[in-house]
Structure formats: C-alpha cells, structure tokens
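Novice: For reference, the structure I am asking about is given below.
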Amino acid sequence: VHDNFSPHLSPTDFKHGLNLIQPHIPPSPYRRIYITGGEPTLNPDIKNFVQTSIEMGYETRISTNGTASEKKYRELLELGAYLEFSFHVEFTIDKVIQRVANLVPDYKPDIITVKCMSFEDTPFAEKVQAIIPADKDIFYYPIYGRDLEHKFYFDKSEEEKEKAEARKQQNSNRR
C-alpha cells in the first residue's frame, strides 16, 4: 500500500525491472505481467508502464479496486491493458461498482474481470450482481473470514465434527 510519502515507482525503474526478467520469460503467449499495489492506478506513470510492457511483448493486467476515474480506466483499456477489478465488502461503494458496470458493455468480455471478495449469496455479492450487467461473469473469492456466519463455514465445521466423532468411535471399537 502506498504510504503517501514514499516515491512512486518510476518509468525507468519499471523498465529496468522488465529488462532484468526479460531473458527468463518465454516468448508470447506466456509473457504476462500483473501490475498490482496497493492501488496501482495511483501511480501517475501507470499509462507509461502499460505502454512499456506492451511494447516489450507482455500481456499487461492491472489489479485494481475500481477507485480511479472511468476516464483513466478507459485510457488504460485503449492502450491494451486488461483490468481486474476486486470488490471488497469493507470499502467498495455502489459508485465504484457502477463505474465498472459502465465499462463492461464497451469491451470484450475477457478484457475486464470482476472479482467479488465474498460468497456469491451474501448481501454484498447480491448488490454487485444487481449493478454489474447480468451477462458479465463475476468470480467469487471469500477472503479474510468476513463471511464467518456463512453456511459454508457452519457446514464445514459440522462436517469436521462428524468426522472426528467417527474417528473417535473407530478408535474405541479397536480397543
């Protein structure tokens, strides 16, 4: 996470890093780079990074939380970047989800990925589903234990208790 006082990665350092790994990466279609963060769209040189990596033959993917402007995302998409949006229940607001929903119809399906960091049947996921166009795939990644009340965890814990009880019974039958 950028700490608001350290310098951003420079285009020179970015290109230097790519030059260092270039000999170790097989040619396309295996050349893929993920630009992540913190939030990578905060870097004022993000467009330069995309141009450089594409010129060097990399499929360029940016993992973002969706908080940049729609204009910036369109510029990155037009440069040839793939965008992977991750929606988190603790800080993704409707406006951010709507921003991504506005982009979806204008680009090929594989250019934009939508990730919901939740089970698909939670209130947060249902909100994402209501805003993102229905024909767009949404991928679900329950993380951080935010959904501890979810039936998945209850079912798993009950299943584990049953297995433990069965093992205990087996061991007692052996004696």
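The values are calculated or read from the model by the stated rules, or taken from the named source; none is laboratory data. No experiment lies behind these values; they were computed from the predicted model shown. So basically every Cβ, Gly included, is an ideal-geometry build from the backbone, and we count neighbours across all protein chains shown. Each accessible area value is taken on the protein alone, full model and side chains, heavy atoms only, with ligands, DNA and RNA left out. Shrake-Rupley method; radii C 1.70, N 1.55, O 1.52, S 1.80 Å.
Novice: Would you mind calculating the gained length between E78 and M56 on full extension (0.36 nm times residue separation, minus the Cα-Cα distance), in nm to one decimal?
Specialist: 6.2 nm
Novice: If I compute percent of Cα pairs over 26 Å apart from the structure I just sent, which labelled value in (1) 28; (2) 39; (3) 45 lines up?
Specialist: Checked against the structure: label (3).
Novice: Could you tell me the calculated FRET efficiency between D110 and Q169, based on Cβ-Cβ distance and R0 = 35 angstrom, to the nearest 0.05?
Specialist: Computed FRET efficiency for D110 and Q169: 0.10.
Novice: What dipole magnitude, in Debye to the nearest 20, does segment 1-110 give about its Cα centre under +1 on Lys/Arg Cβ and -1 on Asp/Glu Cβ?
Specialist: That gives segment 1-110 a dipole magnitude of about 200 debye.
Novice: In nm, give the distance between the simple-model label positions of L42 and E162, each being 7 Å from the Cα along the Cα-to-Cβ direction.
Specialist: Result: 4.6 nm between the two label points.
Novice: If you take the beta carbon distance between D13 and Y34 as r and set R0 to 22 Å, what does 1/(1 + (r/R0)^6) give as a FRET efficiency, to the nearest 0.05?
Specialist: Taking R0 as 22 Å, the efficiency between D13 and Y34 is 0.85.
Novice: Moving on to the next point. Using the Cα centre of the chain as origin and beta-carbon charges of +1 (Lys, Arg) and -1 (Asp, Glu), tell me which of A81, F14, F49 is placed farthest towards the positive end of the dipole.
Specialist: Sorting the options by dipole projection puts first F14.
Novice: Net charge near L42, counting Lys/Arg +1 and Asp/Glu -1 over other residues with Cβ under 14 Å of its Cβ?
Specialist: The answer is -1.
Novice: Let me ask you something else. Net charge around E78, counting only other residues with Cβ within less than 14 Å of its Cβ (Lys, Arg = +1; Asp, Glu = -1)?
Specialist: Summing Lys/Arg as +1 and Asp/Glu as -1 gives +2.
Novice: For segment 1-21 and segment 54-98, what is the separation of their Cα centres, given in Å?
Specialist: The two parts, judged by their Cα centres, are 19 Å apart.
Novice: Roughly speaking, to the nearest percent, how much of the chain's 1.4 Å accessible area is carbon and sulfur?
Specialist: 53
Novice: Taking 25 Å as R0, compute the FRET efficiency from the Cβ-Cβ separation of F139 and K71 and round it to 0.05.
Specialist: 0.45
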